[in-house]
Number of protein chains: 2
Amino acid sequence: MSLRHALLGLLSERPASGYDLLKLFETSLANVWPATQSQIYTELTKLAGTGLIAVTAEGPRGRKEYALTDEGMAELRHWLTETRPQRAVRSDMMLRVFFLGVLSPEQARGYLAELVDLSDQACEDLRGLMDSIDWEDGNLSVYGRMVLEYGLRFNAMRREWAQWAADLID
Amino acid sequence: MSLRHALLGLLSERPASGYDLLKLFETSLANVWPATQSQIYTELTKLAGTGLIAVTAEGPRGRKEYALTDEGMAELRHWLTETRPQRAVRSDMMLRVFFLGVLSPEQARGYLAELVDLSDQACEDLRGLMDSIDWEDGNLSVYGRMVLEYGLRFNAMRREWAQWAADLID
DNA sequence: ACTGTACATTCCAGTATTGACATGTCACTA
DNA sequence: TAGTGACATGTCAATACTGGAATGTACAGT
């Protein structure tokens, strides 16, 4: 159900088309809630159907600009304040670690070394993102930056952990 | 596709019934790849259909014990060595942070304070889990412990971050 | 005038996941 | 012996997600 709220959240900042939202997902939200193009367009149609958002303008190439309605804003606030976040986080990466025992120690170490590289790469990407973003925006800018910091800390933590774990195999 | 491999991984340690696997998911795997009962039984049937696992014994109450076949083991190894883990991690919790701007600073701070508590709680739960597990087992024990350590570090990191973020709002 | 690229949307089949409901057995104990 | 709780599986409808195909428009540069 979070995709719905992710869209409401983005639209709370400013009106946007499906295409705009897709780009926003690719940059800012990709690291916390990835979504595909088909999913976004489908959900926008549903959201418009239930009145949480509305088409406020039409542009070239069939562009439809959506904006949050009062009901949509109410739903967004309700989600943020009245519902508890899910504790469960799925991690393919960590799931694999459980079963490294079926591989040789060398292979297991190799996997963990890969995680180190991957975390480094992710950190670098986030830093690139940080530089590329126009930080003059509204609320999303302040809180988006917070999430970015989280990403950096998270990857640093994972890097250290993978290093530690790889050393442990010896 | 990871549930399939999670099951293969657990069965690589020892044969087990759907019920056993369900319990294993509830404890060890709940934090990296949650799965429901219906999903597990459905997947076991499919896996048995494709020959990656096989029923090796039947017990009371219709209990069916599954074991990994050679093909299943090959598939598990293939997954671990030949396929890249997904970088994307969905986090409801962090998604919300993006949109805290629609709330008052007090409410936003409240949410972050909740994350601090939640992380503390998670740490405590993991420590409880650590004490309750029989660490004399095979491979799963070694690598399961690694994942547990990851959980502890992860929650500690998140705690610090949430604290930092809450302070930032002032 | 042509061409490539970015813009922009819709639809679909297949798979994964959720959250029930339904059914029955076995062991223990009050 | 009646009841409870743990054991054990199967099924279903609804929703979420993936990955791709199909279609077409506007614009900038050559």
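The values are calculated or read from the model by the stated rules, or taken from the named source; none is laboratory data. Model, not experiment: these values are computed from the prediction. Heads up, the Cβs are rebuilt from the backbone with ideal geometry, glycines too, and the neighbour counts pull from every protein chain shown. With ligands, DNA and RNA removed, areas are computed over all heavy atoms of the protein, side chains included. Shrake-Rupley method; radii C 1.70, N 1.55, O 1.52, S 1.80 Å.
Go through the residues of the range A:127-135 one by one and say whether even a single one is within 30 Å of B:Thr83 (Cα to Cα) and either within 16 Å of DNA strand D (Cβ to nearest atom) or exposed (fewer than 12 other Cβ atoms within 10 Å of the Cβ) (or both).
Yes, the conditions are met somewhere in the range A:127-135.
Please go through the range A:88-100 and pick out each residue that is in contact with a helix residue (DSSP H, G or I) (Cβ under 8 Å, 6 or more places away or on another chain) and more than 13 Å from DNA strand D (Cβ to nearest atom).
Matches in the range A:88-100: A:Met93, A:Met94, A:Leu95, A:Arg96, A:Val97, A:Phe98, A:Phe99, A:Leu100.
Spot the failing condition for B:Pro85; the list is (1) in contact with a Ser or Thr (Cβ under 9 Å, 6 or more places away or on another chain); (2) within 15 Å of DNA strand D (Cβ to nearest atom); (3) more than 17 Å from A:Phe98 (Cα to Cα); (4) without any contact (Cβ under 8 Å) to a residue 24 or more places away in the chain, and only one is missed.
Answer for B:Pro85: the failing condition is (3).
When only residues in the range B:31-47 that are surrounded by 15 or more Cβ atoms within 10 Å (Cβ to Cβ) and away from DNA strand C (no atom under 11 Å from the Cβ) count, which is nearest to B:Pro85 (Cα to Cα)?
B:Val32
Would you tally the residues in the range A:147-170 being at pLDDT below 95 and either touching a Lys or Arg at 6+ places or on another chain (Cβ under 7 Å) or not in a helix (DSSP H, G or I) (or both)?
Going through the range A:147-170 one residue at a time, the tally reaches 2.
Restricting the range A:76-96 to residues that are more than 7 Å from every other protein chain (Cβ to nearest Cβ) and in a helix (DSSP H, G or I), which is most open to solvent (accessible area, probe 1.4 Å)?
A:Glu82
Right, B:Gly144: under 16 Å from the mean Cα position of the chain (by Cα), open to solvent by less than 50 Å² (accessible area, probe 1.4 Å) and either within 10 Å of chain A (Cβ to nearest Cβ) or basic (Lys, Arg) (or both) or not?
Judged against the criteria, B:Gly144 is a match.
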